[in-house]
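Read the structure below first, then the notes.
The values are calculated or read from the model by the stated rules, or taken from the named source; none is laboratory data. From a predicted model like this one, the values you see are computed outputs, not experimental measurements. Every residue, glycine among them, receives a Cβ derived from its backbone with ideal geometry; neighbour counts consider all protein chains shown. Heavy atoms of the whole protein, side chains included, go into the accessibility calculation; ligands, DNA and RNA do not. Shrake-Rupley method; radii C 1.70, N 1.55, O 1.52, S 1.80 Å.
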Amino acid sequence: MTEPEDRHRPTLAARGEFDAGESGLGLGLGMAWERLVARERPFDYAPGDLPPADLDLSALADRVLIPPEGAPEAQNFTDFAARARNLARKMAAEDPATTELEFLHAQLVMVLRRTAVPETARSLYFRIWDEHGSRLAREMPTRWRVSAAQCFADHGRTEAERSLGAQIALMFGLVKLYETERRFSGLAAWEPFPNRRPHRGPLMMGLSAYDLRTGDLPRNLLARIWRQSHDAGPMGQLAEALISDFETSNRGLLIRLRKMGKRVAPRSD
């Protein structure tokens, strides 16, 4: 029996696309997984590091965070108290309007990203979102809203919360990556690419290019997420707020694509 002829399939990959065997992660998926496991080592807690589960959250909602005095201190990877104090200093410096409730939420995010999560932390996290989720979904900095989605993905009480949290966390992680790469074009975030013919080379893995004039991929992607948000409790509120901001931001991909689509000539085929 003769070996089958090697037939290149352009719908699967460009010729030579995987010949180098290089990992875009720089270390391969196995090492990436090991690194993630190492970063999930549990914190060391001292008595009083975490507040009680029946804490009065409303009292924290409008109280501005006052950080500890002094410069950032040395911290080891599992020292929760030192990391929490440094986090308070950083959040207050970045945004003086940060509330104590937002700081508590950020501490709980730190805890929920590790293994061996104390049940008090998990209970407090869901209390915050059940009682104050509508406000946090609208007002909390996007970094912490996306982090909250990842916590729902990992610890959600229902399949709907976990599924929607994972989708939102993945989506905005990719948004951060492609928007970061785009900055090297030298264009401002609100500027679409110049009106010139695009490179005609293939996309990765045989994917077809998006049709700027007639494509409906963004509508379909966001509509599916929006539909799931109706049955996902506070994670649904968070998803709706993030999707709404993503849709209407004048510094985002959707507005840029819309501008580009208006100036692209109709296809001749």
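When Gly233 is tested against (1) at negative phi; (2) within 20 Å of the chain's Cα centre (by Cα), exactly one condition is not met: (1). Quick one: how many residues across the stretch 3-29 are assigned to a helix (DSSP H, G or I) and surrounded by fewer than 10 Cβ atoms within 10 Å (Cβ to Cβ)? Counting residues in the stretch 3-29 that are assigned to a helix (DSSP H, G or I) and surrounded by fewer than 10 Cβ atoms within 10 Å (Cβ to Cβ) gives 1.
Residue count for the stretch 35-57 satisfying the condition of being surrounded by 11 or more Cβ atoms within 10 Å (Cβ to Cβ) and in contact with a Leu (Cβ under 9 Å, 6 or more places away or on another chain): 6. Among the residues of the stretch 94-109, the one identified as open to solvent by 20 Å² or more (accessible area, probe 1.4 Å) and closer than 15 Å to Tyr45 by Cβ is Gln107. Among the residues of the stretch 185-206, those that are in a loop (DSSP other than H, G, I, E, B), loosely packed, with under 11 Cβ neighbours inside 10 Å and not hydrophobic (A, V, I, L, M, F, W, C) comprise Gly186, Pro194, Asn195, Arg196, Arg197, Pro198, His199, Arg200, Gly201. Would you mind stating whether Ala241 is touching a residue at least 24 places away in the same chain (Cβ under 8 Å), over 14 Å from the mean Cα position of the chain (by Cα), surrounded by 13 or more Cβ atoms within 10 Å (Cβ to Cβ) and under 30 Å from Glu40 (Cβ atoms)? Taking the combined requirement at face value, the residue does not satisfy it. Among the numbered conditions (1) more than 18 Å from the chain's Cα centre (by Cα); (2) open to solvent by less than 90 Å² (accessible area, probe 1.4 Å); (3) under 19 Å from Val264 (Cβ atoms); (4) not basic (Lys, Arg), the only one that Pro218 does not meet is (1). Restricting the first member to the stretch 32-45 and to residues that are over 14 Å from Leu112 (Cβ atoms), and the second to residues that are modelled with pLDDT under 95 and open to solvent by 80 Å² or more (accessible area, probe 1.4 Å), the beta-carbon pairs closer than 6 Å and six or more apart or on different chains are Ala32/Leu25. Pairs are defined by a Cβ separation below 9 Å, a sequence spacing of at least 6 or placement on different chains, a first member in the stretch 197-226 that is touching a residue at least 60 places away in the same chain (Cβ under 8 Å) and under 24 Å from Arg263 (Cα atoms), and a second member that is surrounded by 11 or more Cβ atoms within 10 Å (Cβ to Cβ) and among the charged types (D, E, K, R); the pairs so defined are Pro202/Glu17. Within the bounds of the stretch 133-143, is there any residue that is without any contact (Cβ under 8 Å) to a residue 24 or more places away in the chain, among the aliphatic types (A, V, I, L, M) and under 27 Å from Val175 (Cα atoms)? So far as the stretch 133-143 goes, no, none of its residues is without any contact (Cβ under 8 Å) to a residue 24 or more places away in the chain, among the aliphatic types (A, V, I, L, M) and under 27 Å from Val175 (Cα atoms). For the stretch 127-134, the condition of being over 16 Å from Gln150 (Cβ atoms) and open to solvent by less than 20 Å² (accessible area, probe 1.4 Å) holds for none of the residues. When each of Glu179, Glu159 is tested for being more than 13 Å from the chain's Cα centre (by Cα), at pLDDT 95 or above and charged (D, E, K, R), the lone residue that passes is Glu159.
Among the candidates Ala82, Ala59, single out the residue that is among the hydrophobic types (A, V, I, L, M, F, W, C), in a helix (DSSP H, G or I) and within 22 Å of Arg143 (Cα to Cα). Being among the hydrophobic types (A, V, I, L, M, F, W, C), in a helix (DSSP H, G or I) and within 22 Å of Arg143 (Cα to Cα) holds for just one of Ala82, Ala59, which is Ala82. Residues that are part of a loop (DSSP other than H, G, I, E, B) and either basic (Lys, Arg) or surrounded by 11 or more Cβ atoms within 10 Å (Cβ to Cβ) (or both) within the stretch 67-79 comprise Pro67, Pro68, Pro72, Glu73, Gln75, Phe77, Thr78, listed in sequence order. Report, by residue number, each residue of the stretch 122-157 that is in contact with a helix residue (DSSP H, G or I) (Cβ under 7 Å, 6 or more places away or on another chain) and not in a helix (DSSP H, G or I). If the condition is that a residue be in contact with a helix residue (DSSP H, G or I) (Cβ under 7 Å, 6 or more places away or on another chain) and not in a helix (DSSP H, G or I), then Met140, Gly156, Arg157 are the ones that fit. Picking from residues in the stretch 110-124 that are touching a Phe, Trp or Tyr at 6+ places or on another chain (Cβ under 9 Å) and open to solvent by less than 10 Å² (accessible area, probe 1.4 Å), the one that is farthest from His230 (Cα to Cα) is Val111.
Against the list (1) in contact with a Leu (Cβ under 7 Å, 6 or more places away or on another chain); (2) open to solvent by 70 Å² or more (accessible area, probe 1.4 Å), the condition Ala32 fails is (2).
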